[in-house]
Amino acid sequence: MFDGWGLTDWAIVILDVIAVVIVVLFLKKKIQSKLKEVELRQDFHLQQKKSARRDEKSAPPRD
């Protein structure tokens, strides 16, 4: 199968493999950064909810 391949064919295969590796690494980095962003946003909203509950409990009841 590979007997008929010339230098150009091998160069194309190598470049394609390198391109796929670069794309995979880029997407992995992008996904990890987005997941970190989502975790930070969730932590921020959780802190806001906790703060709101504390303020609600510490405030005197209004009649």
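The values are calculated or read from the model by the stated rules, or taken from the named source; none is laboratory data. As the structure is a prediction and not an experimental result, all values here were calculated from the model. Cβ coordinates were reconstructed from backbone atoms using ideal geometry, including for glycine residues, and neighbour counts include every protein chain displayed. All accessible areas refer to the heavy atoms of the entire protein, side chains included, with ligands and DNA or RNA removed. Shrake-Rupley method; radii C 1.70, N 1.55, O 1.52, S 1.80 Å.
Side notes on the structure shown:
- Inter-label distance, nm, simple model (7 Å from Cα along the C-beta direction), ARG54/ASP9: 6.9
- At 0.890 mPa s and 25 °C, Stokes D of the chain from Kirkwood alpha-carbon radius, µm² per second: 147
- Ligands, DNA and RNA are left out, and with a 1.4 angstrom probe the accessible area of the chain is 102 Å² per residue.
- The calculated 222 nm mean residue ellipticity attributable to helices in the chain amounts to -31000 deg cm²/dmol, summing -39500 (n - 2.57) over DSSP H runs of n ≥ 4 and dividing by all residues.
- Here's the picture: charge each Lys and Arg Cβ at +1 and each Asp and Glu Cβ at -1 in the range 9-61, and of GLN48, LEU27, ALA11 the one pushed furthest to the positive end of that dipole is GLN48.
- Counting protein heavy atoms only, the chain has 64 percent of its accessible area on carbon and sulfur, 1.4 angstrom probe.
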